[in-house]
Amino acid sequence: MEALTYGRGFRIHRLTEGTKVECLAIGQRDRVVSHSTTNITFGSMRAVEEKFCMECGESVKGRTDKKFCSDACRNIYHYRSNNAPINYVRNVVNALKRNRRILMELNDGPEGTKKVHRDKLIQKGYSFMYHTNIYRTMKGNTYVFCFEHGYLEISENWYALVRRDEYLERAGDS
Ligand SMILES: [Zn+2]
């Protein structure tokens with residue numbers, strides 16, 4: 001069904017059973033800024049809007065500009081958003097540590113002999129997005145490291161695992 005305009009900034013998105021409609025508040029560049037359901041009484045053409053808590057999703061009673069069902073939910077929501085940078089850093093550090101552990105566990109042969117396929121790394125939870133440093137040789141080979149463990153892509157999707165124990169002596173700023 002074609003979207004209908006309802007009120008200012010609202011558009012009826014989808015008709016569900018009978019008189020219940022879902023509404024999306026459309027902001028700039030057609031982004032959905034809020035979501036609610038509305039019961040329309042066709043007889044009187046009166047619309048009663050139902051809002052949902054941005055934290056827990058429960059129905060919000062009272063003023064139409066209320067975004068949370070309770071003070072507790074508002075506090076949790078703001079606590080979470082204030083901590084986004086902390087959570088992000090922690091998640092990246094955890095990903096780096098996980099990568100290091102995976103490389104360490106797989107690199108169980110004599111130095112420089114162990115080869116693994118990309119699928120094996122991914123299956124173990126390796127994240128190719130994160131590494132601590134890159135080392136390019138004169139020949140143009142690129143080693144990617146997570147701390148003292150790393151790899152060199154030797155052919156498509158195949159990696160030779162390496163370890164640089166001398167990294168352990170470094171403070172990290174050299
Ligand atoms: Zn809530």
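The values are calculated or read from the model by the stated rules, or taken from the named source; none is laboratory data. What you see is a predicted model; the values in this text were computed from it and never measured. Quick reminder, even Gly has a Cβ in these numbers, built from the backbone with ideal geometry, and neighbours come from all protein chains shown.
Check Arg100 against each of (1) crowded, with 16+ Cβ neighbours inside 10 Å; (2) within 16 Å of the ligand (Cβ to nearest atom) and name the one condition it does not meet.
Here Arg100 clears every test but (2).
Where the second residue is surrounded by fewer than 17 Cβ atoms within 10 Å (Cβ to Cβ) and in a loop (DSSP other than H, G, I, E, B) and the first is assigned by TED's automatic domain parsing to the domain that holds Leu106 and lies in segment 148-170, which pairs have Cβ atoms under 7 Å and are six or more apart or on separate chains?
Close Cβ pairs (under 7 Å, with a partner that is surrounded by fewer than 17 Cβ atoms within 10 Å (Cβ to Cβ) and in a loop (DSSP other than H, G, I, E, B)) amount to Glu148/Arg164; Gly150/Arg164; Leu152/Asn141; Ala160/Gly112; Val162/Gly112; Arg163/Glu111.
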